[in-house]
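Down below is the structure, laid out as structure tokens.
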Amino acid sequence: MTAEPDGIGADEYRSRIARVRDAVKAAGLVGLVAFGDCWRGANVGYFTEFRPLDGVSDIANAVAVIPADGEAALVVSEQCVGYAQSVTGFPVRPFRDLDAVLAPLARKASARVGLAGAAYVPAGLRDRLLGGLGGAALEPTMVLADLKAVKSPAEIRLLRRAAELTDLAMTTVRDTLADGRPHTERELARLADAAMITAGADRTAYDSMVQAGPRSAYNLARPTDRVLHPGDLVMTDIGARYRGYVADGGRGFTYGPATAEKRAIVEAAAAAVEAGLAAVRPGMVATELNAVIQEALVESGYERYSGEARGHGTGHGTGMDPEEESPWIGPGNRTRLVAGMVFTLKATITVPNVGGLRTERIVHLAETGADPLDTFPMRLHW
């Protein structure tokens, strides 16, 4: 297995497998089945550079099987075995051998096997897993999610670079609009994507979003040929993927002369996220951090127009996938935040017929508090 100079090295992959084994044993499990696909690959990417490929066949899926005792195996499409072997430091098997890979777990009496990625395993593959495990119980587990949540120095370095590339995309949008000429949402999204890729991004982390004028009041939408007009409020949600790690960033801005109402929306979202950045500390419980941002949004008067203010949650883990399971910064979540975690903090405000934005920061939690990986300003009036 090889790794790029600033990627994840073989020693780190081996140490991850060892930590997962320890956690699996501590949870009373005999093994872990980690599912990933071409859209959400982190559960597999935690152990190997391999990432499934987009498609409607089994090339889109992969499973890492980590026994509490015994050798790990990666199970992929027969079409991808050679590629997977070239970037994986343990045995790779085709899906036709899945039963044989699972057999050592199935032979254990009253065995419990953890499943990471349970929410999005295809039904057909789940049936094959259950069949291969025989009488062993297959149960969803957060063992892997909790380990993935705490990043190594190498991971933080890669995430910081992804955030820098995302900041570059916003710089490109700003500089493009400075010429005063007409520009469409789609054009700005393409230019942002090109800037990130030209500067070294693998690709975008997800489809870039640029929404202007009334369309910025949609919480999520793809860009169109709508031209930005002076007075528009503009929402962007843009991120870069770099060496397998992603940034999930959001900014909004007013374009040209804007009403006081639109400027106030920008200010309220920025102030809410700032409150979270100021408050977060290791040892804090996720629901406590959520309450800081949620209360700031409620006090700003935008509760009716903000999903975060109404309890949707104000952040999520990020790493190899734009959204990872842990930590979820939301109401009632008692996850204790620890140094080394990386997550987003966000505030979305969308007012119909006026406009909206999402301000979303990418935060590494250091021993002393928030260490934002992105640096682009939040209060933007262009």
Is there a residue being in contact (Cβ under 8 Å) with a residue 12 or more places away in the chain, under 23 Å from Met320 (Cα atoms) and out of contact with any Gly (no Cβ under 8 Å at 6 or more places or on another chain) anywhere in the range 97-116?
yes
Quiz item: With respect to Thr88, is the statement that it is of a type in the set (Ser, Thr, Tyr), assigned to a helix (DSSP H, G or I), touching a Phe, Trp or Tyr at 6+ places or on another chain (Cβ under 9 Å) and touching a residue at least 24 places away in the same chain (Cβ under 8 Å) true?
Solution: no
Taking the range 274-315 and the residues there that are closer than 21 Å to Ile349 by Cβ and polar (S, T, N, Q), the one that is surrounded by the fewest Cβ atoms within 10 Å (Cβ to Cβ) would be Ser300
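Among Thr335, Thr318, which is the only one that is open to solvent by 20 Å² or more (accessible area, probe 1.4 Å), closer than 29 Å to Glu49 by Cβ and touching a strand residue (DSSP E or B) at 6+ places or on another chain (Cβ under 6 Å)? Give the derivation first.
On the way: Thr318 fails: open to solvent by 20 Å² or more (accessible area, probe 1.4 Å).
Exactly one residue qualifies, and that residue is Thr335.
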If you go through Gly180, Gly124, Gly132, the only one that is at positive phi and out of contact with any Ser or Thr (no Cβ under 9 Å at 6 or more places or on another chain) is Gly180
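From Thr171, Thr166, Thr198, which residue is in contact (Cβ under 8 Å) with a residue 60 or more places away in the chain, of a type in the set (Val, Ile, Thr) and exposed (fewer than 14 other Cβ atoms within 10 Å of the Cβ)? Step through it out loud before you land on a result.
Values: Thr166 fails: exposed (fewer than 14 other Cβ atoms within 10 Å of the Cβ); Thr198 fails: in contact (Cβ under 8 Å) with a residue 60 or more places away in the chain.
Exactly one residue qualifies, and that residue is Thr171.
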Only one of Ala163, Ala201, Ala154 is under 18 Å from the mean Cα position of the chain (by Cα), in a loop (DSSP other than H, G, I, E, B), over 30 Å from Ser110 (Cβ atoms) and among the small types (Gly, Ala, Ser), namely Ala201
Residue pairs qualifying under the 6 Å Cβ cut-off, at least six apart or on distinct chains, with the first in the range 304-316 being free of Cβ contacts under 8 Å to residues at least 24 places away in the same chain and the second being surrounded by fewer than 19 Cβ atoms within 10 Å (Cβ to Cβ) and assigned to a loop (DSSP other than H, G, I, E, B), are Gly311/Pro331
Counting only residues that are within 16 Å of Gly276 (Cα to Cα), in contact (Cβ under 8 Å) with a residue 12 or more places away in the chain and either part of a strand (DSSP E or B) or open to solvent by less than 10 Å² (accessible area, probe 1.4 Å) (or both), the range 350-378 contains a total of 14
Among Ala264, Ala258, Ala296, Ala278, the single one that is more than 21 Å from the chain's Cα centre (by Cα), part of a loop (DSSP other than H, G, I, E, B) and of a type in the set (A, V, I, L, M) is Ala258
If we keep only residues of the range 88-103 that are touching an Asp or Glu at 6+ places or on another chain (Cβ under 8 Å) and open to solvent by 20 Å² or more (accessible area, probe 1.4 Å), then the residue farthest from Ala68 (Cα to Cα) is Arg96
The correct count of residues that are in a strand (DSSP E or B) and among the acidic types (Asp, Glu) in the range 209-250 is 2
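Being open to solvent by 10 Å² or more (accessible area, probe 1.4 Å) and among the aliphatic types (A, V, I, L, M) is true for just one of Val30, Val44, Val24, Val20. Which residue is that?
After applying the criteria, what remains is Val30.
The values are calculated or read from the model by the stated rules, or taken from the named source; none is laboratory data. Please read these numbers as outputs of a predicted model, since none were measured by experiment. Every residue, glycine as well, gets a Cβ built from its backbone with ideal geometry; the counts of neighbours run over all protein chains shown. In case anyone asks, the SASA skips ligands and DNA or RNA and just uses the protein heavy atoms, side chains included. Shrake-Rupley method; radii C 1.70, N 1.55, O 1.52, S 1.80 Å.
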